[in-house]
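Enquirer: One structure, as structure tokens, below. Some questions next.
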Amino acid sequence: MRPLYVFIDESGDFVFTPKGSKYYVITAIITEDPSEAFEEFTTLKFSLLTKEIFPELAQEYREENICNGFHATEDKKVVRNEVFKIISTMKSIKAHAIVVRKNMTNPSLYPPEKFYTKISSYLISYIQKTYKFSNLCVLFNGAPIKKLKQAMLKGVKKEIARNNINKEYNIYFPNSSTERMFDVADYICWAISRKWTRGEMEEYEIIKQFLGNQELDIFKHGDRVYYEFDLTT
């Protein structure tokens, strides 16, 4: 058995009111080869920075976005297309995602450290039970949960212990710009989120090949809705 690497990213916010995002999506990319497609992403990055491709893109955009990696929400459509082309050819990755209907989330989970811990622990526990590995290296995109890091780490370990999973694992919270696999996680999470929030399937059709199972709609069968969204907006 070999080490297994898990890169976790998310889409949505921690606002549990009609003003917040309707869904919260957390996505894990699983691979034994965290360097796959590194060369392709690097070539694309520097082809954009030298203006070999898409010279019409603004210099400010290249400085603020491309220099810091690829992020689907901020990237231009032409750039997203190129990134999805690279992702579509990857061979080593699998993806799993949990979709949370936030208005069906019990208020006891509203504190971000409780909510994020519960959902991410569920995802990690599933991976630990499903995959074979010599050891597990879990890397969270540290930016969205920087202030929650210590509480999050303590909570995840507690949840994993509660599930009686004794396989070796390590958890880290690096800056997302340090690892290209976070770009992959960001893009796949974005495609899943667009499917759920806007019904847009173009990019989802590209990435669904990596999903071992369709994303888990964790509160689909909940018996209570705690608030309603304005469907006219």
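The values are calculated or read from the model by the stated rules, or taken from the named source; none is laboratory data. Keep in mind it's a predicted model, so treat the numbers as computed, not measured. Here the Cβ is made from the backbone with ideal geometry for all residues, glycine too, and neighbour counts use every protein chain on show. What goes into the accessible areas is simple: the full protein's heavy atoms, side chains included, and nothing from ligands, DNA or RNA. Shrake-Rupley method; radii C 1.70, N 1.55, O 1.52, S 1.80 Å.
Enquirer: Could you list, ordered by first residue, the pairs with Cβ atoms under 7 Å in which the first is in segment 108-134 and closer than 17 Å to Tyr226 by Cβ and the second is open to solvent by less than 10 Å² (accessible area, probe 1.4 Å) and not β-branched (Val, Ile, Thr), at least 6 apart or interchain?
Expert: Leu109/Phe115
Enquirer: In segment 46-78, which residue that is in contact with a helix residue (DSSP H, G or I) (Cβ under 6 Å, 6 or more places away or on another chain) and under 22 Å from Ala191 (Cα atoms) is surrounded by the fewest Cβ atoms within 10 Å (Cβ to Cβ)?
Expert: Among those that are in contact with a helix residue (DSSP H, G or I) (Cβ under 6 Å, 6 or more places away or on another chain) and under 22 Å from Ala191 (Cα atoms), it is Asn68.
Enquirer: Take the residues in segment 202-219 that are in contact with a helix residue (DSSP H, G or I) (Cβ under 6 Å, 6 or more places away or on another chain) and modelled with pLDDT of 95 or more, then tell me which one is surrounded by the most Cβ atoms within 10 Å (Cβ to Cβ).
Expert: Out of the qualifying residues, it is Ile207.
Enquirer: Taking segment 79-119 on its own, how many of its residues are open to solvent by 10 Å² or more (accessible area, probe 1.4 Å), touching a Phe, Trp or Tyr at 6+ places or on another chain (Cβ under 6 Å) and in a helix (DSSP H, G or I)?
Expert: 4
Enquirer: I would also like to ask the following. If I ask for residues that are of a type in the set (S, T, N, Q) and surrounded by 13 or more Cβ atoms within 10 Å (Cβ to Cβ), which ones from segment 1-42 would you list?
Expert: Within segment 1-42, Ser11, Ser21, Thr27, Thr31 qualify.
Enquirer: Scanning segment 220-233 for residues that are open to solvent by 50 Å² or more (accessible area, probe 1.4 Å) and not β-branched (Val, Ile, Thr), which turns out farthest from Ser108 (Cα to Cα)?
Expert: By that ranking, first place goes to Leu231.
Enquirer: List the pairs whose first member sits in segment 48-61 and is free of Cβ contacts under 8 Å to residues at least 12 places away in the same chain, whose second member is open to solvent by less than 50 Å² (accessible area, probe 1.4 Å) and not in a helix (DSSP H, G or I), and whose Cβ atoms are under 9 Å apart, counting only residues at least 6 apart or on separate chains?
Expert: Matching pairs, first to second residue: Lys51/Leu57.
Enquirer: Another question about this same structure. What number of residues within segment 126-157 are in a helix (DSSP H, G or I), crowded, with 17+ Cβ neighbours inside 10 Å and at pLDDT 85 or above?
Expert: 3
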